[in-house]
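Novice: The structure follows.
The values are calculated or read from the model by the stated rules, or taken from the named source; none is laboratory data. This one's a predicted model, so the numbers in the text were calculated from it and none came from an experiment. Neighbour counts are summed over all protein chains in view; Cβ atoms, including those assigned to glycine, are modelled from backbone coordinates with ideal geometry. Heads up: the accessible areas ignore ligands, DNA and RNA and are worked out on the full protein's heavy atoms, side chains in. Shrake-Rupley method; radii C 1.70, N 1.55, O 1.52, S 1.80 Å.
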Amino acid sequence: MSAGVDEQEQANPGVQRGPGNDLRLVSLSKQFGAFTAVNDLTLTVPAGSFFALLGPSGCGKTTTLRMVAGLEAPTAGDIFLGGQDVTRLRPYKRPVNTVFQNYALFPHLSVAENVAFGLKRRGRKKVDAEVARLLDLVELGDRGRRRPQELSGGQQQRVALARALINEPEVLLLDEPLGALDLKLRRQMQIELKRIQTEVGLTFVHVTHDQEEAMTMADTVAVMNAGVIEQMGPPGELYDNPATTFVANFLGQSNLVAGHVTRMRDDLVEVDVEGTTVLASRTRSHADSGAVWVGVRPEKVFLDSSGQTRDHGINVVRAGRICDVSYTGVSTQYLVRMPWGQELTVFEQNTGARELFRVGACVDLGWRAEHTFVLDAAQDAHAGVEYEDLGT
Amino acid sequence: MTATLVRAGRWVTGHLVMFVALLVLFYMFLPIMVVVLMSFDDTADVAYQFNGFTLANWSDPCSSYGMCDAVAKSLQIGLLATVGATLLGTLMAFAMARHHFRGRSIANVGIFLPMASPEIVMGSSLLALFVSAGFAGQLGFATILIAHIMFCLSFVVVAVKARLSGMDNGLEQAAMDLYANEWQTFWRVTFPLVFPGIVGAALLAFSLSFDDYIITNLVAGQSQTFPMYVWGVSRREIPPQINVIGTAMLLVSILVVVMAEVVRRGRNRA
Ligand SMILES: Nc1ncnc2c1ncn2[C@@H]1O[C@H](COP(=O)(O)OP(=O)(O)O)[C@@H](O)[C@H]1O
Ligand SMILES: [Mg+2]
């Protein structure tokens, strides 16, 4: 077990390292028998960016990462790193490291040996200083001689992180790396991860089903559902301008009301909603004729009981009746039953400017035209809703 | 007075499990204690009875005619059978646990057949096989060894396979993700993790081989192993040197267990 191995411990000739290596997935698909886990996925992760892959459990996030790492062979499509096609490269030839969802720490090695594993396989002899630096970084400086199984779940997760980070890979794949942590430690590690990423300038692909985590950490978020990317972009853009009902519901909450397009103006779309005309900006309209969903975020809506609300650029729907009030301290969540029977959600900051509304009060709902988005009515208005509880 | 009785009663019921456990342990260890004791017996007069303490048996264990030859033969066969069965069995276990091939499920069932069939049946069919293949005159060391490797094999495969299937191949994937090629992954991750299973299987194979009587007796020809020797002499009287060998074997196994424990603890400390 000794001599033969050490002869083999040569550095692996892999992909050349260097900046400017974008990760590109082109028409990537993965089938398990008849089941399609990843369906014709195309996306580019710019070098040095923090990219979040967000989606509910079972939507194919892990499968996508495993294909990038080389642990799963794609059924179709290609993976490029920089200019090079790495689709068929063995996992150990790729400058990619993974923080596995279940950590996959080596139980027969100490924490320090686990962290040193990657460097040693690439032929580095002196690794102690580097290992100590990484263990300090994840605040496990005094645990190096322990076995992984003697550590808590959160500590093991940090060992897995250090074990991958020490290799300074071109791309670091993180598969729900903070899932086992409690809320406080999770927030702390989110900040820490973001700091490390900015500092070392590595490309991070972070898989999560926690929309808040994705939005706070990532430069770019890709929302994935049932094996396809629904929408991709900066967090703020996805939130303000969702392109599908799934994104509208999965990323935060949305009120979606049925309507139909009556007129297109230069930069505005007029939609008739239950007899009221509602305006939306064309840049946020993803359907331009026929039946549509008109959407607005609950915190963008304000309530008024005077019956007078009318202003330029404000959409108003009248005669709602408050049917539920939940006071959460910072804000109040109202459920308002509209004349056509639908219940809409409104979040209001508790600024103290006026009294809270009571159940039964009659209110008008107003919001700015630019906060309105319009989606194709062919989609299910409840897509993505049921997953909401999984987040945070 | 009654209070004391009640308290004593409580104490007894409270420690009942321990009493039973001690009794069971005593039941288990009694024969072994007899072996150890009899190895120091002075057999001047009556056998099967402790006549007096002596170290004579220990100082000259080979004085019983033919015994040490038999022990040596058993040790040789045991060691060779262990090496052979462990090697073959480990390879088989890897193939069956890690590769999908046609007939894998049949192989999985087949591996239990030698364990399940009665030794006397297996021994006589082996004898029939050897004789019909024309080895009737050559029965001896080689045929015993072949038979022993065969019946140890199943146990090795089952033991190593249990270890392998309990092992997540995610660890091997993690190793590959961390720049270990197939060879390094095997020696750095797979093998160290399966090693305890292999050692266990080897120890099991050795003890199975060392004390096998039925099959050995059928295919041994003129050769004589230790169990055959004991069986042979027991019809007259058992020489105390047999107990010396038994006690020595016991000491060796205790040593192995203690060493394994020391190594395990040392690793966890490190
Ligand atoms: N090896 C496999 N064999 C069969 N189905 C699989 C396999 N791996 C994943 N799947 C299926 O593919 C789908 C996506 O899995 P996964 O990528 O792990 O989802 P996620 O990580 O988003 O929760 C799931 O429905 C899962 O059951
Ligand atoms: Mg997953």
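Novice: Given the -39500 (n - 2.57) contribution per DSSP H run of 4+ residues, what per-residue ellipticity at 222 nm results for chain A, rounded to the nearest 500 deg cm²/dmol? Please report the intermediate quantities before stating the final value.
Specialist: Details: 9 runs with 86 residues, N = 392.
Helices in chain A give a 222 nm mean residue ellipticity of -6500 deg cm²/dmol.
Novice: From the phi of every residue in the stretch A:122-129, what ³J(HN,Hα) in whole Hz does the Karplus formula 6.51 cos²θ - 1.76 cosθ + 1.60 yield, where θ is phi - 60° and glycine or proline is x?
Specialist: 8, x, 6, 8, 9, 10, 4, 5
Novice: Work out from phi, with θ = phi - 60° and the Karplus expression 6.51 cos²θ - 1.76 cosθ + 1.60, the ³J(HN,Hα) of each residue of the stretch A:328-337, listed in order in whole Hz, and give x for Gly and Pro.
Specialist: The phi angles translate into 10, x, 5, 9, 10, 9, 10, 10, 10, 8 Hz.
Novice: Averaged over B:181-191, how many beta carbons belonging to a partner chain fall within 10 Å of each residue's beta carbon?
Specialist: Average per residue, whole number: 5.
Novice: Considering just Cα atoms, how many Å³ per residue does the convex hull of the protein assembly as shown enclose? Mind dumping the intermediate values first?
Specialist: Details: hull volume 194.0 nm³, N = 662.
Dividing the Cα hull volume of the protein assembly as shown by its residue count gives 293 Å³.
Novice: Further question on the same structure: Using a 1.4 angstrom probe on the protein heavy atoms only, line up A:Glu192, A:Glu274, A:Glu343 by accessible area, largest first. Spell out each step's value before the answer.
Specialist: Values: A:Glu192 45, A:Glu274 100, A:Glu343 80 Å².
Putting A:Glu192, A:Glu274, A:Glu343 in descending order of accessible area: A:Glu274, A:Glu343, A:Glu192.
Novice: Sticking with this one: Per residue of A:118-131, count partner chain C-beta atoms within 10 Å of its C-beta, then hand back the mean as an integer. Kindly include the intermediate steps, with their values, before the conclusion.
Specialist: Numbers: counts 6, 2, 5, 9, 3, 1, 0, 0, 0, 0, 0, 0, 0, 0.
Average neighbour count from other chains, rounded to a whole number: 2.
Novice: Also: Need the C-alpha centroid separation for the stretch A:230-280 versus the stretch A:301-346, integer Å.
Specialist: 18 Å
Novice: Next up: Of the peptides B:241-248, A:126-133, how do they stack up when ordered by the mean number of other Cβ atoms within 10 Å, highest first?
Specialist: Working: B:241-248: 20.4, A:126-133: 13.4.
Result, highest mean Cβ count within 10 Å first: B:241-248, A:126-133.
Novice: Which ³J(HN,Hα) values, rounded to whole Hz and listed in residue order, are derived for the stretch B:21-33 from phi using the Karplus coefficients 6.51, -1.76 and 1.60 in 6.51 cos²θ - 1.76 cosθ + 1.60 with θ = phi - 60°, glycine and proline given as x?
Specialist: 4, 4, 4, 4, 4, 4, 4, 5, 8, 3, x, 5, 5
Novice: In addition: Restricting to Cα pairs below 8 Å that are 6+ residues apart, what does the relative contact order work out to for the stretch A:181-283? Please round to a whole percent.
Specialist: Averaging sequence separation for qualifying contacts and normalising by length gives 12 percent for the stretch A:181-283.
Novice: Specify whether the C-alpha gyration tensor of the stretch A:305-352 places it in the rounded, prolate or oblate class, a ≥ b ≥ c being the square roots of the eigenvalues: rounded for a/c under 1.5, otherwise prolate if a/b is larger than b/c and oblate if not. Present the calculation step by step, with values, prior to reporting the outcome.
Specialist: Working: a/c = 2.34, a/b = 1.27, b/c = 1.85.
Oblate, because a/c is 1.5 or more while a/b does not exceed b/c.
Novice: Mind scanning A:Lys125/B:Lys161; A:Lys61/B:Lys161; A:Lys126/A:Lys194 and naming the pairs with a C-alpha gap bigger than 30 Å? Mind showing how you got there, number by number?
Specialist: Values: A:Lys125/B:Lys161 35 Å; A:Lys61/B:Lys161 32 Å; A:Lys126/A:Lys194 28 Å.
From the list (A:Lys125/B:Lys161; A:Lys61/B:Lys161; A:Lys126/A:Lys194), the Cα-Cα distance tops 30 Å for A:Lys125/B:Lys161; A:Lys61/B:Lys161.
Novice: Here's another thing I want to ask about it. Quick one: which residues, 5 or more positions from A:Met224 or on another chain, have an amide H under 5 Å from its amide H? H modelled 1.01 Å from N in the peptide plane, none for Pro or chain starts.
Specialist: When sequence neighbours closer than 5 places are left aside, the close amide H contacts are A:Leu54, A:Gly55, A:Glu230.
Novice: Beyond 28 Å, what percent of the Cα pairs of chain B remain? All intermediate terms of the calculation are to be shown ahead of the outcome.
Specialist: Working: 19821 of 36315 pairs.
Of all Cα-Cα distances in chain B, 55 percent exceed 28 Å.
Novice: For the stretch A:21-239, with all protein chains present and a 1.4 Å probe, just round the carbon and sulfur fraction of the accessible area to a whole percent. Please report the intermediate quantities before stating the final value.
Specialist: Details: 4170 of 8340 Å².
C and S atoms contribute 50 percent here.
Novice: Further question on the same structure: Quick test of your reading: applying the under-4.7 Å Cβ rule, which cysteines of chain B are isolated?
Specialist: B:Cys152
Novice: Rounded to two decimals, what is Rg over Rh for the stretch A:158-302 when you use alpha-carbon atoms and the Kirkwood radius? Mind showing how you got there, number by number?
Specialist: On the way: Rg = 19.3 Å, Rh = 17.6 Å.
Result for the stretch A:158-302 is an Rg/Rh of 1.10.
Novice: Could you tell me what percent of the DSSP beta bridges with both partners in the protein assembly as shown are antiparallel, to the nearest 5?
Specialist: Looking only at bridges with both residues in the protein assembly as shown, the antiparallel portion is about 75 percent.
Novice: Keeping the other protein chains in place, figure out the carbon and sulfur percent of the accessible area of the stretch B:65-238, with a 1.4 Å probe.
Specialist: 69 percent
Novice: Further question: Ignoring any ligand, DNA or RNA, what whole percent of the accessible area of the stretch B:2-58 comes from carbon and sulfur when the probe is 1.4 angstrom?
Specialist: Values: 3500 of 4530 Å².
The value for the stretch B:2-58 is 77 percent carbon and sulfur by accessible area.
Novice: If you count, for every residue in A:95-108, the Cβ atoms of partner chains within 10 Å of its Cβ, what is the mean? Working shown, then result.
Specialist: Values: counts 1, 1, 4, 4, 2, 5, 1, 3, 2, 10, 2, 8, 6, 9.
Partner-chain Cβ atoms within 10 Å, mean over residues of A:95-108: 4.
Novice: Would you grab the residues whose amide H sits under 5 Å from the one on A:Cys323? Only those 5+ places off in sequence or on another chain, please, with H modelled 1.01 Å from N.
Specialist: A:Leu335, A:Val336, A:Arg337, A:Gly360
Novice: By its C-alpha gyration tensor, with a ≥ b ≥ c as the square roots of the eigenvalues, how is the stretch A:240-392 shaped: rounded for a/c under 1.5, else prolate for a/b larger than b/c, else oblate? Spell out each step's value before the answer.
Specialist: Working: a/c = 1.82, a/b = 1.26, b/c = 1.45.
Because a/c hits 1.5 or more and a/b fails to exceed b/c, the stretch A:240-392 counts as oblate.
Novice: Here is a further query. For A:Arg368, what residues show an amide H to amide H distance below 5 Å, using hydrogens built from the backbone and excluding near sequence neighbours?
Specialist: Under 5 Å from the amide H of A:Arg368: A:Asn315.
Novice: Tell me the net charge near A:Ala180. Cut-off is 11 Å between Cβ atoms, A:Ala180 excluded, with +1 for each Lys or Arg and -1 for each Asp or Glu. It would help to have the intermediate numbers written out before the result.
Specialist: Details: positive: A:Arg158, A:Arg186; negative: A:Glu176, A:Asp182.
For residues surrounding A:Ala180, the net value is 0.
Novice: Let me ask another. Am I reading the B/A interface right? What is its buried accessible area, both sides, 1.4 Å probe, to the nearest 100 Å²?
Specialist: Details: alone 17110 and 18720 Å², together 33110 Å².
Approximately 2700 Å², summed over both chains.
Novice: Give me the 1.4 Å probe accessible area per residue for chain B, excluding ligands and nucleic acids, in Å². Let's see the in-between values first.
Specialist: Values: 15680 Å² over 270 residues.
It amounts to 58 Å² per residue over chain B.
Novice: Sticking with this structure for a sec: Take the eigenvalues of the Cα gyration tensor for the stretch A:21-239, scale each by 5, and report the square roots as semi-axes in whole Å, largest first. Before the final figure, lay out each step's value.
Specialist: On the way: eigenvalues 155, 78, 52 Å².
In descending order the semi-axes read 28, 20, 16 Å.
Novice: Running a GNM on chain B with Cα contacts under 10 Å, which residue among B:Phe210, B:Phe186, B:Phe151 ends up with the highest mean-square fluctuation?
Specialist: B:Phe186
Novice: DSSP loop (so not H, G, I, E, B), at most 13 other Cβ within 10 Å: list which trypsin sites (Lys or Arg not before Pro) in the stretch A:352-386 pass both filters. Walk me through the numbers on the way to the answer.
Specialist: Numbers: sites: A:Arg354, A:Arg358, A:Arg368; in loops: A:Arg354, A:Arg358.
Counting only loop positions with at most 13 other Cβ atoms within 10 Å, the trypsin sites (Lys or Arg not before Pro) in the stretch A:352-386 are A:Arg354, A:Arg358.
Novice: Please quote Rg/Rh for chain A to two decimal places, taking the Kirkwood radius as Rh and restricting both calculations to Cα atoms.
Specialist: Details: Rg = 25.1 Å, Rh = 23.5 Å.
We get a ratio of 1.07 for chain A.
Novice: Given a cut-off of under 8 Å on Cα pairs at least six residues apart, what relative contact order in percent is computed for the stretch B:1-153?
Specialist: Details: 58 pairs, mean separation 30.4, N = 153.
Relative contact order, the stretch B:1-153: 20 percent.
Novice: Just from its helices, what would the mean residue ellipticity at 222 nm be for chain B, if runs of 4 or more DSSP H residues each count -39500 (n - 2.57) and the sum is divided by every residue, rounded to the nearest 500 deg cm²/dmol? Could you put the intermediate results ahead of the total?
Specialist: Numbers: 14 runs with 198 residues, N = 270.
It lands at -23500 deg cm²/dmol.
Novice: With a cut-off of 8 Å between alpha carbons and a minimum separation of six or more residues, what is the relative contact order of the stretch B:65-238 in percent?
Specialist: That works out to 42 percent.
Novice: What's the ranking of B:134-140, A:117-123, A:287-293 by average number of surrounding C-beta atoms within 10 Å, highest first? Mind dumping the intermediate values first?
Specialist: Details: B:134-140: 12.9, A:117-123: 20.4, A:287-293: 16.6.
The packing order, highest mean first, is A:117-123, A:287-293, B:134-140.
Novice: Here's something else I'd like to know. Give me the tail of P(r) for the stretch B:2-58 as a percent: Cα-Cα pairs with distance above 15 Å.
Specialist: Values: 1034 of 1596 pairs.
Summing the P(r) tail past 15 Å for the stretch B:2-58 gives 65 percent.
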